[in-house]
Amino acid sequence: MRRSFFRRARTAKPAQSLTHLEIFTQLQLGIHPPLSAQRQFIQQHFEEEMHRRGITEAKLLAMEGRLCTRLLRQLLFERYLSVPFRLFTFDLEFSGPPVFGPDGPTEDIIEFGFYSPANDATFSFLVKPTSGRRVSTEVSALTGITPAMLEEQGLTFPAAWEQVMGVLMMPEPQELPGAEKRLLVLSHGGKLADVSLIKWTLEAHGMELPPSLLFGDTFHLIRDAHRRRPVTPDKHPPSWGLEDLVQWLKIPPTLPAHRAGNDAKMTWDALYHTLERYGDEDLTPREQLVSRFFDEEAKAAMSQGDQPHYLEPDGTLATEGANAEASMSLSLDLNFDEIFTSSGKRRGTAAAPPAAEAPEGTDDADIAGEGAEARRRAQEVEQHPHVHEFVI
């Protein structure tokens with residue numbers, strides 16, 4: 001009966017399984033993988049981006065750790081930020097201060113205003129009051145919108161909403177495919193009154209809100225960014241209203257306030273300058289909105305087709321498939337010099353069965369030599385414990 005020995009497959013001992021998303025999350029938390037692992041990950045997954053930036057392998061290897069980490073973070077953010085969407089800010093003007101009661105709102109929408117940062121264009125549409133309410137004198141004094149203007153220039157709500165959707169469906173320069181499926185419209189403090197009144201009026205006219213439309217509020221975005229910034233003598237603006245914010249941020253006024261289109265432009269100015277100054281220094285204000293409104297979609301897009309990478313003890317990365325392939329190759333890696341001697345006898349046994357008698361003509365020196373050889377072979381087996389014995 002012949003026996004052979006197979007070397008035990010050495011399984012990888014990964015510190016952790018690393019994907020694009022997990023490395024991205026670690027970097028966001030301030031956890032930096034080893035520099036060698038970062039370089040290898042960049043080389044394996046961002047070849048096209050590196051070529052576009054003009055960064056060769058030699059430049060990457062010569063890059064210091066801080067710059068390499070920043071480069072990896074930027075490359076991962078490009079993947080994360082690949083969710084296409086269109087961005088607008090908006091504002092509404094009402095016939096008076098709206099109050100919602102059992103029978104609906106007490107006031108009507110009299111003006112839509114939208115601003116497209118990508119196109120740097122402002123759009124506004126006057127709307128005839130749905131219920132026939134007259135504009136209050138206070139509103140006319142504040143906005144300059146009079147009942148005569150609404151009668152002459154105002155559109156019915158369905159016609160005005162059609163104009164609004166025409167603006168929202170306007171392509172942005174160099175937008176990604178599918179951007180029309182995500183329309184992000186932001187207002188300042190309009191989460192309750194503005195959005196609620198739009199939804200109620202649409203329902204009153206038998207119209208539906210498009211599922212691609214996503215409302216957001218810049219009030220919380222701006223306030224949270226200011227609270228994270230370093231403490232200064234003028235720590236916060238006098239209020240979180242648009243006029244106070246624009247003045248506190250020292251944004252030169254370009255348009256008069258209290259018209260929907262102008263206020264929509266001021267909303268973007270306040271948000272842009274706040275995020276530009278106190279937000280993430282590696283991201284544009286627009287890019288910083290992805291994690292707030294499209295985080296799940298961005299993470300799902302990043303994880304698609306991503307193969308886990310294992311961080312080896314020496315700091316290098318290996319894929320799960322590579323580990324399995326290496327383990328299989330090791331399990332079939334036979335070294336017959338370790339299995340059989342040149343005479344064809346099996347090696348690796350702890351001790352050969354002792355002969356009853358030494359053959360005639362064998363002196364003590366030969367016996368001693370064979371015993372030493374047996375002890376040496378037994379010692380080799382003890383030094384290689386990862387050995388499986390199979391019966392063939």
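The values are calculated or read from the model by the stated rules, or taken from the named source; none is laboratory data. Given the structure is predicted, the values throughout are model-derived calculations rather than measurements. Here the Cβ is made from the backbone with ideal geometry for all residues, glycine too, and neighbour counts use every protein chain on show.
Just checking, which of Leu186, Leu192, Leu202 is over 31 Å from the mean Cα position of the chain (by Cα) and closer than 26 Å to Thr106 by Cα? Walk me through it before giving the result.
Numbers: Leu186 fails: over 31 Å from the mean Cα position of the chain (by Cα); Leu192 fails: over 31 Å from the mean Cα position of the chain (by Cα).
Sole residue among the options that is over 31 Å from the mean Cα position of the chain (by Cα) and closer than 26 Å to Thr106 by Cα: Leu202.
For region 288-304, state whether one or more residues are modelled with pLDDT of 90 or more and among the aliphatic types (A, V, I, L, M). Give the steps one after another, and end with the answer.
First, the residues of region 288-304 that are modelled with pLDDT of 90 or more: 288-290, 292-294.
When the remaining residues are screened for being among the aliphatic types (A, V, I, L, M), the result is 289-290.
Yes, the conditions are met somewhere in region 288-304.
Out of Gly166, Gly132, which single residue is under 34 Å from the mean Cα position of the chain (by Cα) and surrounded by fewer than 12 Cβ atoms within 10 Å (Cβ to Cβ)?
Values: Gly132 fails: under 34 Å from the mean Cα position of the chain (by Cα).
None of the others qualify; the one that does is Gly166.
Regarding Pro173, is this residue within 30 Å of Leu289 (Cα to Cα) and surrounded by fewer than 14 Cβ atoms within 10 Å (Cβ to Cβ)?
On the way: within 30 Å of Leu289 (Cα to Cα): yes; surrounded by fewer than 14 Cβ atoms within 10 Å (Cβ to Cβ): yes.
Against the criterion (within 30 Å of Leu289 (Cα to Cα) and surrounded by fewer than 14 Cβ atoms within 10 Å (Cβ to Cβ)), Pro173 qualifies.
Please note which helices (runs of 4 or more DSSP H) are completely contained in region 222-295 and include at least 3 residues that are over 24 Å from Leu27 (Cα atoms) and not charged (D, E, K, R).
Working: elements: 242-248, 260-278, 285-288, 290-293.
Of the helices (runs of 4 or more DSSP H) lying wholly inside region 222-295, those with at least 3 residues that are over 24 Å from Leu27 (Cα atoms) and not charged (D, E, K, R) span 242-248, 260-278.
So Gly113 clears everything in (1) free of Cβ contacts under 8 Å to residues at least 60 places away in the same chain; (2) crowded, with 18+ Cβ neighbours inside 10 Å except one condition, right? Which one?
All conditions are met except number (1).
Leu29 passes all but one of (1) under 17 Å from the mean Cα position of the chain (by Cα); (2) surrounded by fewer than 12 Cβ atoms within 10 Å (Cβ to Cβ); (3) hydrophobic (A, V, I, L, M, F, W, C); (4) within 30 Å of Ala264 (Cα to Cα); which number fails?
(4)
Can you tell me how many residues within region 82-140 are touching a strand residue (DSSP E or B) at 6+ places or on another chain (Cβ under 9 Å), farther than 22 Å from Glu152 by Cβ and among the β-branched types (Val, Ile, Thr)?
3
Against the definition (free of Cβ contacts under 8 Å to residues at least 24 places away in the same chain, surrounded by fewer than 21 Cβ atoms within 10 Å (Cβ to Cβ), within 22 Å of Thr267 (Cβ to Cβ) and of a type in the set (Asp, Glu)), how does Asp103 come out, yes or no?
Numbers: free of Cβ contacts under 8 Å to residues at least 24 places away in the same chain: yes; surrounded by fewer than 21 Cβ atoms within 10 Å (Cβ to Cβ): yes; within 22 Å of Thr267 (Cβ to Cβ): no; of a type in the set (Asp, Glu): yes.
In short, no.
Consider Thr143 against the criteria (1) under 27 Å from Leu289 (Cα atoms); (2) touching a residue at least 24 places away in the same chain (Cβ under 8 Å): it satisfies all of them except one. Which criterion is unmet?
Status for Thr143: all satisfied but (1).
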